[in-house]
Structures are given as C-alpha cells and as structure tokens.
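Notes follow once the structure below has been shown.
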C-alpha cells in the first residue's frame with residue numbers, strides 16, 4: 001500500500017532533517033597564531049551555533065584549575081558517578097554506571113579523548129558539590145559547575161558563548177552555543193596548562209573504573225586523525241546532529257630564533273590553533289588550513305608583524321590567573 005510507504009518516508013525525512021539542515025549550513029572557522037593572537041584566516045567565525053563536545057574543553061579547564069587551586073592531585077582524587085549519568089546519552093566508553101568511582105585524571109581522559117558525556121557530568125557533579133560545600137550553600141552541583149564554565153567564558157572574552165551543561169549535548173529547552181572565534185580563545189587558554197597539553201595529545205589511554213563487581217579497565221581511543229602528524233599536539237573532536245562535525249587543532253613549530261638590533265638573539269614561539277565547526281571534511285580541511293595559516297603567518301612575521309586594527313586583527317586571550 002502507498003500510505004504506509006509515505007508514512008515511513010516522512011518519518012525518515014524527519015529523522016534526517018537536523019543533519020540535512022546542518023549539511024547546508026555554512027562552515028565556521030578560525031585560524032590564529034596562539035602567542036601573538038594574530039588572526040590569519042576566518043569565516044563565519046562569530047556565528048553562534050552548537051559546538052557539541054568541544055564544550056568539554058571548558059569543563060576540563062575548570063576542572064584542572066579547580067584542582068590546582070585546591071592543591072588536589074588529579075591522578076589521586078577519586079570521584080563518583082552520580083545517579084544522573086543514567087539519563088545522559090552519547091558515548092560511554094567506560095560503561096560508567098551510577099555509583100562507579102574513578103580518578104579525576106581518568107575522567108578527563110575519557111572526556112577529552114572519547115567525548116565521554118557521562119565522564120564530563122561526573123566531573124561537574126563532583127567539583128560543583130565541592131564548590132557548594134566550600135561556599136556553605138545548597139543547590140544543584142552540576143548547575144554550579146556550569147556557572148563556573150560561563151564565568152570562564154566571560155573571563156577570556158567568549159562573548160558569543162553560553163554553556164548549559166558540561167558535555168555539549170543539545171537539549172530541547174536548554175541549548176548552548178559558541179562560535180569558532182570563542183572556541184579558538186578557549187583552545188589557546190586550555191593549551192597553556194601542562195596537564196591538558198599532555199592529555200589531548202594521546203592517541204589512546206588505558207583507564208580504569210571501580211564498580212559493584214570490582215575494578216575494570218578500558219582503552220579509550222582518540223578519533224583525531226591528525227595526531228601523529230608533524231607538530232600536531234591535539235586538541236579535540238566533536239560531532240552532533242546540531243553542530244555537525246567539529247574539530248579544534250593545535251600545531252607547534254620550533255621557536256624562530258632571530259637576531260635583535262643589539263646583536264643578541266631572541267626566540268619567537270610559534271603555535272597555530274585551527275577551529276572548524278560543521279565541516280564536512282574536518283581533518284582534510286584542517287590540514288589545508290594549517291598549511292595556509294603558516295604561510296600567511298610567515299609572511300606577516302617577515303613583514304615586521306604589523307597590526308593596524310588590534311580589535312579586528314588580534315584575538316586577545318588573557319594569561320591564566
């Protein structure tokens with residue numbers, strides 16, 4: 001019969017509609033040299049849109065900064081998965097269950113390498129609870145943690161960003177957003193931390209979690225195809241129906257040593273950050289943008305690194321405090 005066929009077709013199109021919409025939406029991108037802040041390439045870089053699990057970069061920064069402030073060792077601090085992890089979707093590489101325990105370090109590995117939404121929520125719940133206790137207040141620990149994420153965004157100039165959860169999943173009544181320029185700011189800020197710098201460059205990591213049946217181990221794999229290529233040291237992949245395929249990439253070059261007018265020598269560090277949102281070929285495009293970005297940066301540096309309009313030409317990111 002024709003009618004059931006039409007019904008199935010309509011249902012199929014409804015399921016695919018978010019993917020179809022975002023397949024037609026424009027790609028957003030930003031290429032910036034991290035130490036100078038020089039913007040090299042940009043397109044739709046301030047357009048607000050979902051950024052999927054790139055959100056977890058902010059979760060990781062808040063977590064690592066909190067651990068530093070409280071003098072907590074992320075490799076020793078044990079956190080517990082709250083009951084609410086049972087309601088979170090997406091990848092669950094550790095098969096994390098309510099009541100399971102793991103170290104903050106392993107939770108960060110699972111979140112940053114495996115885009116583990118449950119690990120991100122567990123991190124937020126633990127640290128949010130600690131913050132509430134220190135303040136002598138009651139409340140939702142995850143919401144408290146997300147408030148810290150948004151304070152971080154405000155601190156580093158992410159004016160087109162709103163975080164609504166620690167993992168980046170889109171919810172019907174709570175939709176977060178960011179933009180390519182803001183994710184670039186976040187990436188620059190995150191990669192100034194040794195712990196995160198080390199974590200995001202790993203191709204895989206053996207981690208463990210303890211549950212009702214004892215300890216179990218998992219090998220979390222990083223889907224970032226660029227890792228291992230010369231100079232690439234991370235950062236994070238992400239993808240969802242709302243955000244499309246996303247990728248933030250960091251590439252280092254050896255410092256450039258040049259003679260100063262007084263005859264001494266100075267070293268100029270060099271690091272490119274590339275952010276792609278809703279890109280149909282995020283890995284291939286990133287390779288191309290890295291190549292083009294370095295070419296533009298080298299020419300700019302050779303010309304004396306001129307800046308005529310700082311607000312337009314430089315992505316300012318404050319130093320960690």
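The values are calculated or read from the model by the stated rules, or taken from the named source; none is laboratory data. As the structure is a computational prediction, the values presented were derived from the model and not from experiment. Glycine also receives a Cβ, built like all others from the backbone with ideal geometry; neighbour counts cover every protein chain displayed.
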Note on the range 235-257: residues in a strand (DSSP E or B), modelled with pLDDT under 95 and out of contact with any strand residue (DSSP E or B) (no Cβ under 6 Å at 6 or more places or on another chain) are 240, 254
Restricting the range 75-94 to residues that are within 13 Å of residue 207 (Cα to Cα) and touching a residue at least 60 places away in the same chain (Cβ under 8 Å), the one surrounded by the most Cβ atoms within 10 Å (Cβ to Cβ) turns out to be 94
Taking the range 116-149 and keeping residues closer than 17 Å to residue 97 by Cβ and surrounded by fewer than 24 Cβ atoms within 10 Å (Cβ to Cβ) leaves 125, 126
In the range 140-160, anything within 20 Å of residue 181 (Cα to Cα), without any contact (Cβ under 8 Å) to a residue 24 or more places away in the chain and not in a helix (DSSP H, G or I) is listed as 159
Listed by range, helices (runs of 4 or more DSSP H) wholly within the range 33-139 having at least 3 residues that are under 14 Å from residue 195 (Cα atoms) are 56-69, 104-114
Note on residue 57: of the conditions (1) closer than 30 Å to residue 28 by Cα; (2) out of contact with any helix residue (DSSP H, G or I) (no Cβ under 7 Å at 6 or more places or on another chain), unmet is (2)
- Message: Please determine whether any residue of the range 182-192 is outside any loop (DSSP other than H, G, I, E, B), within 23 Å of residue 98 (Cβ to Cβ) and at pLDDT 95 or above.
- Response: no
query = Quick one: would you say residue 228 is assigned to a strand (DSSP E or B) and either at pLDDT below 95 or buried (at least 17 other Cβ atoms within 10 Å of the Cβ) (or both)?
reply = no
Reported set for the range 258-302 where residues are in a strand (DSSP E or B) and modelled with pLDDT of 90 or more is 269, 270, 271, 272, 273, 274, 275, 276, 277
Note to self: Suppose the filter is more than 12 Å from residue 33 (Cβ to Cβ) and surrounded by fewer than 16 Cβ atoms within 10 Å (Cβ to Cβ); does residue 267 pass it?
What the structure shows: yes
If we keep only residues of the range 194-215 that are without any contact (Cβ under 8 Å) to a residue 40 or more places away in the chain and part of a strand (DSSP E or B), then the residue surrounded by the fewest Cβ atoms within 10 Å (Cβ to Cβ) is 214
I'd like to know if the range 305-317 contains one or more residues that are crowded, with 16+ Cβ neighbours inside 10 Å, touching a residue at least 40 places away in the same chain (Cβ under 8 Å) and within 30 Å of residue 168 (Cβ to Cβ).
yes
